[in-house]
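What follows is a short report on a single structure.
Every number in this text was worked out from the coordinates using simple rules, so none of it is lab data. Predicted, not measured: the structure shown is a model, and the values here were computed from it. Glycine also receives a Cβ, built like all others from the backbone with ideal geometry; neighbour counts cover every protein chain displayed.
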Amino acid sequence: MTNDAAVPPISEHPATWKFDYPVIHAETRDQWRAWLSANAASARGVWLCSWRTATGKPRCPYPDAVEEAICFGWVDSTNTIFDEERGFQLYTPRRGKSSWTRLNRQRAADMEERGLMTEPGRQAIAAAQINGYWTILDSVEDLEDPADLAAALDREPLARSNWDAFPPSARKQMLWTIVSAARAETRAARIARIVSEAALGRRANG
């Protein structure tokens, strides 16, 4: 194994350190893939530490890191700045109800075409295709109002006007809370809250 593909070691941090996941520092895509190959099946998550772009130091670019995570059935989530030179991105195994963006679906197809996809990655894709989370974000990304939300908004002209004026990013967040509701009662309650808050010119959070 070359140095480029050596598995990065886990960094040690005090028990009081705020992040409850181990940290690795991978400077290349090969190093990150090597770590995933050795640990993805057993680890519950990891912070990938990378040099910030401004340092000019070698780093695994975010798109490359995400592609490799997809290959092993993992997904990125929280990111944070650690210090002036380093940033952290959290990666964890995909859960059963982990939604896929169109961009990540395309990334998955690209990884399969390039022969980089692994069996755990394929299993994560198959599970999402079965439970509907493979395409659940499509209507959200298209900013499509579900019929029940549209009807509720149309009954409240002020709420409708304010809703239409909210920025796309805010509407997407609220649409996600609707499509991700596990029960009909939860969905109805979220729609009611979105409409009541919109009538006051406010965005429903959470």
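For the chain, with a Gaussian network of springs between Cα atoms less than 10 Å apart, report the residue from 167, 93, 22 with the top mean-square fluctuation.
Between 167, 93, 22, it is 167 that shows the largest mean-square fluctuation.
Using the Cα gyration tensor of the range 138-199, with a ≥ b ≥ c the square roots of its eigenvalues, what is the shape: rounded (a/c below 1.5), prolate (a/b larger than b/c) or oblate (neither)?
The shape class here is oblate.
Could you compute Rg(Cα) / (2.2 N^0.38 Å) for the chain, with N its residue count?
In units of the globular-protein estimate, the chain measures up at 1.22.
Would you mind getting me the FRET efficiency between residue 176 and residue 123? Use the beta-carbon distance for r and R0 = 25 Å, nearest 0.05.
0.55
Taking the DSSP beta bridges in the range 3-131 as the whole, what percent of them are antiparallel, to the nearest 5?
80 percent
According to a simple spin-label model (label point 7 Å from Cα along Cα-to-Cβ), what is the distance in nm between residue 139 and residue 169?
Between residue 169 and residue 139, the label points sit 2.5 nm apart.
Using DSSP to define loop residues, name the trypsin sites (Lys or Arg not before Pro) in the range 94-126 whose beta-carbon has at most 11 other beta-carbon atoms within 10 Å. Each step should come with its number before you reach the end.
Values: sites: 94, 95, 97, 102, 105, 107, 114, 122; in loops: 94, 95, 97, 114.
Passing sites in the range 94-126 are 95, 114.
State to the nearest 20 debye the size of the charge dipole of the chain about its Cα centre, where the only charges are +1 on K and R beta carbons and -1 on D and E beta carbons.
It works out to roughly 500 debye.
Answer with one residue from 163, 133, 35: the one whose Cα lies farthest towards the positive end of the charge dipole of the chain, charges on Cβ with Lys, Arg +1 and Asp, Glu -1.
Selected residue: 163.
Compare the peptides 129-135, 195-201, 44-50 by average per-residue count of other Cβ atoms within 10 angstrom and give them in order, highest first.
Packing order, densest peptide first, comes out as 44-50, 195-201, 129-135.
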